[in-house]
1. How many residues are at negative phi, small (G, A, S) and more than 16 Å from ligand 1 (Cβ to nearest atom) if we restrict to segment 331-372?
2. Given the conditions (1) of a type in the set (G, A, S); (2) in a strand (DSSP E or B); (3) under 19 Å from the mean Cα position of the chain (by Cα), which single one is not true for G194?
3. In this structure, is D248 modelled with pLDDT of 95 or more, under 30 Å from A297 (Cβ atoms) and either more than 32 Å from the chain's Cα centre (by Cα) or among the acidic types (D, E) (or both)?
4. Checking the conditions here, which among L134, L165, L151, L146 is within 16 Å of ligand 1 (Cβ to nearest atom), of a type in the set (A, V, I, L, M), open to solvent by less than 50 Å² (accessible area, probe 1.4 Å) and not in a strand (DSSP E or B)?
5. For segment 1-50, what are the residues that are modelled with pLDDT of 95 or more and of a type in the set (A, V, I, L, M)?
6. Determine if segment 24-34 includes at least one residue that is buried (at least 16 other Cβ atoms within 10 Å of the Cβ), in the same structural domain as A371 (by TED's automatic domain parsing) and not in a loop (DSSP other than H, G, I, E, B).
7. Considering only residues that are within 16 Å of ligand 2 (Cβ to nearest atom) and either farther than 14 Å from E198 by Cα or open to solvent by 10 Å² or more (accessible area, probe 1.4 Å) (or both), which ones fall in segment 391-416?
8. Step by step: first the residues of segment 374-390, then only those that are within 16 Å of the chain's Cα centre (by Cα) and among the polar types (S, T, N, Q), then the one that is surrounded by the most Cβ atoms within 10 Å (Cβ to Cβ). Which residue is that?
Amino acid sequence: MGGGGIDESRCWGWLMQLAELTDPEQPWTRRAFSERHAQGRQWLAGRMRELGLLTSIDAAGNLIGRLPGSEPLPRTIMIGSHSDTVAGGGRFDGIAGVIAGLEVAAALQDGAARLRHTLEIVDFLAEEPNEFGLSCIGSRGMSGALDEDMLKRTNAAGVSLREGLTAVGASPAQHKAAVRGDIAAFFELHIEQGPVLEQERRDVGIVTHIVGIRRLAVTFAGQAAHAGTTPLGLRQDALLAAARFAIDLRQQLEEVRESQPFVIATVGEIHIAPNAPNVVPGEAKLTVDLRSDDSAALGAWTDRIRALAQDAAAANKVRMSECRVLSASEPATCAPALAAQLRAAARELGLEQRDIVSGAGHDAAFLARVAPAAMIFVPSRDGLSHCAQEWTAPAALGKGVAALFSAVRRFDAQSDPASGEA
Ligand code: GLV
Ligand code: MN
Ligand code: MN
């Protein structure tokens, strides 16, 4: 197989350099479709080119670095994740997986080794929710899950996603050209973003399933009124309905906490109007983020959420004027054969490992629609993610990247064109 080992300090150095490309007033922020994100991509494309990768932006806006294989095999091995962040996020969510791909390419070059398969390193566009209200835009595009209605969505300034994609070098009119049927294996390394690996002192997690996510827009319509003169009994306070709804939802989730399937939901965004100190809130708009590894549970809980919102509205003499699915992704299963390669690689390196279900959404969930897809997690300190405290130590990241590198080489060496594997 050849190719030597990975260089932990080079990998860490790259990670920190890219992380430093942040909006200065709110570290660590590189929102998709922003100047800062473009700057990060320029940096990434520069590193790819230094490593001899051919860079391009596909029709769905994904940045791809390509290293031709030593044999004319028809399918490629792909490693990827995303370089966009949530606002005020961390230095690891997303870029750890892209940098891991760069390190794999660099480690191959160090050993003057080439894979038999062409290797592609991908920075997927806009994995996080963004101004167009749609996450995983690039991986949706690559897996055929981006449609015309999505392209018509607009941001607050009235710019359409179609225009937004064009501005970042994508070709939305040809977005179907981004759909891939030639990926032999897709690997994504990611931080766990939860506490399990750290608590159990495991080095890596091998992902078996990735949750599906539904985001619902719920609006309560009441009546704005004077805060001093409107008696309590006459108020139609939309914020109270929203608060009741959030508490009732939490109560219902507590009841299924220990049971299967896994279900979790969060009210993480709320806007009230007019949002003034001396006015009873006339409107409350919130977003529910609902997740499960079971498709039927997502459907059942969508109905349950609608019913809860109606009850909370009625109890506060307001109306539930909207309960709409903003976006939906289905739960995904990681490819058992690739997960087995990751387990074997981790075992060979003497790493402590466990299987794990991902409660976070990932580009791999979309890639799983068009290719065998697998994920490896590294621990997150204190289980924290989507916040500035996100942290994974250099050595802990290095172990994950080493396992990834080994699994990629195993797959490359073992897959046999005659069996349809390559
Ligand atoms: C992606 O970051 C998610 O929301 O799970
Ligand atoms: Mn994230
Ligand atoms: Mn991520």
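The values are calculated or read from the model by the stated rules, or taken from the named source; none is laboratory data. This is a predicted model, so every value here is computed, not measured. Using ideal geometry, Cβ is built from the backbone for each residue, glycine included, and neighbour counts are taken over all protein chains shown. Just the protein is used for accessible areas: all its heavy atoms, side chains included, with ligands, DNA and RNA removed. Shrake-Rupley method; radii C 1.70, N 1.55, O 1.52, S 1.80 Å.
1. The number of residues fulfilling the criteria is 8.
2. Looking at each condition in turn, G194 falls short on (2).
3. Yes.
4. None of the others qualify; the one that does is L134.
5. I6, L15, M16, L18, A19, L21, A32, A38, L44, A45, M48
6. No, every residue in segment 24-34 fails to be buried (at least 16 other Cβ atoms within 10 Å of the Cβ), in the same structural domain as A371 (by TED's automatic domain parsing) and not in a loop (DSSP other than H, G, I, E, B).
7. The answer is W391, and nothing else.
8. My answer is S380.
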